[in-house]
């Protein structure tokens with residue numbers, strides 16, 4: 001097994017990836033690097049936990065292999081695939097496209113970055129329109145994602161599992177919808193959910209591409225208000 005990067009190697013990576021030598025710039029790069037490592041490591045563990053579950057192993061066996069309590073293992077890795085009852089047709093298709101985006105990049109998990117890419121599958125959706133107005137197209141997002149998570153090999157799963165952050169982002173989409181008084185979840189709510197966690201790869205990619213969450217939120221609100229009832233299709 002290839003050894004994990006040492007502390008010194010990680011420090012050198014941060015210094016190499018930071019333009020300039022200001023300590024605050026180094027700290028910002030270190031924070032981004034650690035967040036990326038955490039999300040990828042969660043995805044790796046989630047992948048193998050999912051394989052164990054599909055093979056019939058219990059949470060007791062899985063927790064023993066992980067060296068944690070059964071409750072801790074269940075809490076960390078029992079994120080189900082999202083239910084889409086409240087999602088508009090466009091939002092459902094965008095979520096479906098996230099899995100295809102993950103597989104297209106050779107990734108065996110669906111992360112927040114893939115959900116972001118999936119939004120571009122619906123160019124008439126409010127999310128894709130807002131991102132286009134912000135000057136960020138799909139190619140730019142994919143290039144930024146690949147800077148953070150390199151392209152993988154041939155995917156091993158036809159239906160890759162969601163990372164904990166991706167599942168939380170979709171739960172956040174529901175919270176965003178309810179907070180706005182909407183009884184449906186559109187692509188605009190998914191985008192807002194993806195920007196809630198500043199450490200998620202989706203939010204970091206948008207931030208590095210110059211997208212302001214506040215401006216996106218304001219623009220989406222304007223778009224929603226401009227659409228006549230009874231049902232706004234995002």
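The values are calculated or read from the model by the stated rules, or taken from the named source; none is laboratory data. Quick caveat, the model's predicted, so the values are computed rather than measured. When we count neighbours, we look across all protein chains shown, and the Cβ atoms used for this are built from the backbone with ideal geometry, even at glycine.
With respect to the numbered conditions (1) in contact (Cβ under 8 Å) with a residue 40 or more places away in the chain; (2) surrounded by fewer than 24 Cβ atoms within 10 Å (Cβ to Cβ); (3) part of a helix (DSSP H, G or I), which one is the sole condition not fulfilled by residue 205?
Here residue 205 meets the rest and fails (2).
Those residues that are more than 15 Å from residue 87 (Cβ to Cβ) and in a helix (DSSP H, G or I), I need them from the range 163-183; list them, please.
Residues satisfying the conditions are 164, 165, 168, 179.
Could you tell me whether any residue of the range 188-200 is assigned to a helix (DSSP H, G or I) and either over 13 Å from residue 115 (Cβ atoms) or without any contact (Cβ under 8 Å) to a residue 24 or more places away in the chain (or both)?
yes
Does at least one position in the range 117-128 carry a residue that is in contact with a strand residue (DSSP E or B) (Cβ under 9 Å, 6 or more places away or on another chain), surrounded by 14 or more Cβ atoms within 10 Å (Cβ to Cβ) and free of Cβ contacts under 8 Å to residues at least 40 places away in the same chain?
The answer is yes; a qualifying residue exists.
I'm told residue 54 meets every condition in (1) modelled with pLDDT under 85; (2) surrounded by 12 or more Cβ atoms within 10 Å (Cβ to Cβ); (3) within 24 Å of the chain's Cα centre (by Cα) except one. Can you identify the failing condition by its number?
It is condition (2) that residue 54 fails.
Could you tell me whether any residue of the range 135-148 is under 17 Å from residue 90 (Cβ atoms), surrounded by fewer than 23 Cβ atoms within 10 Å (Cβ to Cβ) and out of contact with any strand residue (DSSP E or B) (no Cβ under 6 Å at 6 or more places or on another chain)?
So far as the range 135-148 goes, yes, one or more of its residues are under 17 Å from residue 90 (Cβ atoms), surrounded by fewer than 23 Cβ atoms within 10 Å (Cβ to Cβ) and out of contact with any strand residue (DSSP E or B) (no Cβ under 6 Å at 6 or more places or on another chain).
Surrounded by 14 or more Cβ atoms within 10 Å (Cβ to Cβ) and outside the structural domain of residue 45 (by TED's automatic domain parsing): which single residue out of 153, 186, 179 fits that description?
186
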